[in-house]
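Okay, structure first, notes after.
The values are calculated or read from the model by the stated rules, or taken from the named source; none is laboratory data. Everything numeric in this text was worked out from a predicted model, so none of it was measured. Cβ sites come from the backbone with ideal geometry, for glycine too, and all protein chains shown count toward neighbours. Heads up: the accessible areas ignore ligands, DNA and RNA and are worked out on the full protein's heavy atoms, side chains in. Shrake-Rupley method; radii C 1.70, N 1.55, O 1.52, S 1.80 Å.
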Amino acid sequence: MYEDKKQHYCKSLSSDRYRHYNDDLVELGALKKSLKEGRFIVYLQPKVSFADRSVSGAEALVRYQAEDGTVIAPVQFLPVLEDAKIISILDIFILDFICAKLSEWIKAGRQIVPISVNFSRYTLAEQDFLAQLKAVFGKYRIDKKWVIIEITESVKGIEGMDFTSLIDSIRDAGFAISIDDFGVGYANLSLFGSTNFDELKVDKSLVDNIVANKKTQMVIAFIMDICRRMDIRVVAEGVETEEQFGILKRNGCEQAQGYLFSRPIPIQEYEERFLAFR
Ligand code: C2E
Ligand code: MG
Ligand code: MG
Ligand code: MG
């Protein structure tokens with residue numbers, strides 16, 4: 001799914017800079033060194049409930065901090081890690097970081113909300129993915145309800161992987177599954193019939209169109225309806241305006257994420273702004 005974006009960035013970045021991230025990440029030793037040096041940082045973006053605009057969750061979004069302090073977006077380095085088949089190291093690192101934070105917050109008496117963590121299809125395709133997931137939770141001893149596993153819908157297309165039974169086994173182990181970026185690319189109705197999941201994130205590209213395009217509004221209404229019938233929570237991504245918010249709310253959307261409420265922010269800022277004491 002990053003292919004197009006990657007090509008775009010390869011062209012638009014000066015080739016020197018691009019080579020710089022490449023060299024830093026492209027093989028396992030270099031990736032581990034970057035992890036150890038703390039070059040990967042986690043931002044959090046709150047999710048809010050439509051009912052009262054209270055924070056109902058947050059999504060962990062990784063960034064890479066270059067030596068000169070520049071913060072680099074995932075679209076610029078995730079493809080490199082995916083191509084090198086070492087993305088799972090980063091994904092599990094982010095999960096570990098989030099579980100450590102949650103455990104710290106619980107101990108400090110902060111009022112926490114579930115955190116969503118993104119997983120690449122290559123990570124999911126790993127034989128011991130579930131074992132790795134369980135190991136992290138065993139390490140921090142936190143309830144699985146505090147982490148939501150986000151998976152992009154296009155994982156269905158991965159070769160040699162039984163998506164439905166993998167998702168079932170993750171859910172059987174007690175984790176909630178969220179289907180990310182729904183409504184672009186492979187958007188496929190058979191997903192609802194074949195796969196059990198807990199949350200659906202409507203892609204920003206649909207949200208972008210709801211004000212100008214009546215048909216997109218109907219598509220959104222249809223998605224809301226099928227999710228209501230199946231007891232799946234709906235989250236709208238990339239909500240930037242009050243007008244979009246209003247239309248989504250009228251259609252029964254439960255949660256929203258987007259610049260209208262907050263951009264992804266560094267952990268410390270998130271703690272200051274959104275983590276109340278119990
Ligand atoms: P995503 O999971 O769909 O995350 C939402 C993206 O939309 C984020 O981009 C977020 O900053 C952006 N966004 C949220 N609200 C708005 C808005 O109102 N307007 C606009 N224009 N953008 C908004 P970001 O942080 O650049 O992440 C891009 C993608 O990188 C993510 O898309 C996710 O697929 C992937 N990603 C991020 N962190 C991780 C990770 O730890 N592991 C893996 N495997 N993928 C990750
Ligand atoms: Mg996501
Ligand atoms: Mg998304
Ligand atoms: Mg998206």
Original post:
Here are some residues: Phe192, Phe197. Which one is touching a residue at least 12 places away in the same chain (Cβ under 8 Å) and within 16 Å of ligand 3 (Cβ to nearest atom)?
Top reply: Phe197
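Residue-by-condition table, conditions (1) polar (S, T, N, Q); (2) out of contact with any strand residue (DSSP E or B) (no Cβ under 6 Å at 6 or more places or on another chain); (3) away from ligand 4 (no atom under 16 Å from the Cβ):
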position	(1), (2), (3)
Lys107	no, yes, yes
Val113	no, no, yes
Leu130	no, yes, yes
Ile142	no, yes, yes
Thr152	yes, no, no
Subject >> Single condition Gln268 does not satisfy, out of (1) free of Cβ contacts under 8 Å to residues at least 40 places away in the same chain; (2) within 19 Å of Val62 (Cα to Cα); (3) assigned to a loop (DSSP other than H, G, I, E, B) >> reply: (3)
Original post:
Given (1) buried (at least 21 other Cβ atoms within 10 Å of the Cβ); (2) more than 15 Å from ligand 3 (Cβ to nearest atom), where does Glu242 come up short, assuming only one miss?
Top reply: (1)
Original post:
Is it the case that Ser205 is within 16 Å of ligand 3 (Cβ to nearest atom), small (Gly, Ala, Ser) and open to solvent by 10 Å² or more (accessible area, probe 1.4 Å)?
Top reply: yes
Original post:
Could you give every pair whose Cβ atoms fall below 6 Å, whose first residue belongs to the stretch 109-135 and is open to solvent by 50 Å² or more (accessible area, probe 1.4 Å), and whose second residue is among the small types (Gly, Ala, Ser) and not in a loop (DSSP other than H, G, I, E, B), counting only separations of at least 6 or pairs across chains?
Top reply: Glu126/Ser88
Subject >> Residue within the stretch 213-228 that is assigned to a loop (DSSP other than H, G, I, E, B) and within 15 Å of ligand 4 (Cβ to nearest atom) present >> reply: no
